[in-house]
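K.L.:
Next up is a structure, given as structure tokens.
The values are calculated or read from the model by the stated rules, or taken from the named source; none is laboratory data. Nothing here was measured: the structure is a model prediction, and the numbers come from that model. A quick note on method: Cβ atoms are made from the backbone with ideal geometry, for glycine too, and the neighbour counts reach across all protein chains shown. With ligands, DNA and RNA removed, areas are computed over all heavy atoms of the protein, side chains included. Shrake-Rupley method; radii C 1.70, N 1.55, O 1.52, S 1.80 Å.
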Amino acid sequence: TNNAELLYESSNWFNYEIPRETLKTLPWGNLYIGQEQRWFVFRFKGKENEINVKTENPEFSEWKWIKYDSLLENIVPFKKEVYKNVLKEFKKIFK
């Protein structure tokens, strides 16, 4: 969607590596072993039907709105440290 307003950009880059066991299950194998990311906070200004994760090469199988303080309960274990650090930086935005 283009119906979003940029509120905040992280001051840090965050990275993680995908565990070997997980890499074995991915279609690209060992070609991509992790990511380095810059994070942003946007305010969504559109309608929910504008969000479509069923694309030709989807990164996600589903989406849902959740409160930021329950985010870590919904994240795969190998990304939890990144999310903890992102939430720490963005804490002032969510309060």
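K.L.:
Going through Glu56, Glu36, Glu9 one at a time, which residue ends up being among the charged types (D, E, K, R), more than 15 Å from the chain's Cα centre (by Cα), open to solvent by 70 Å² or more (accessible area, probe 1.4 Å) and on the phi < 0 side of the Ramachandran plot?
P.N.:
From the options Glu56, Glu36, Glu9, the qualifying one is Glu56.
K.L.:
Give me a count of the residues in the stretch 59-94 that are open to solvent by 90 Å² or more (accessible area, probe 1.4 Å), within 12 Å of the chain's Cα centre (by Cα) and touching a residue at least 60 places away in the same chain (Cβ under 8 Å).
P.N.:
Count: 0.
K.L.:
Right, something else. Residue check: is Arg43 in contact with a Leu (Cβ under 8 Å, 6 or more places away or on another chain), under 20 Å from Leu6 (Cα atoms) and exposed (fewer than 12 other Cβ atoms within 10 Å of the Cβ)?
P.N.:
The answer is yes for Arg43.
K.L.:
Which pairs turn up if I take residues in the stretch 14-32 that are without any contact (Cβ under 8 Å) to a residue 60 or more places away in the chain and look for partners that are hydroxyl-bearing (Ser, Thr, Tyr) and assigned to a loop (DSSP other than H, G, I, E, B) with beta carbon separation below 9 Å, at least 6 apart in sequence or on another chain?
P.N.:
Partner pairs satisfying both residue conditions: Leu23/Tyr32; Leu26/Tyr32.
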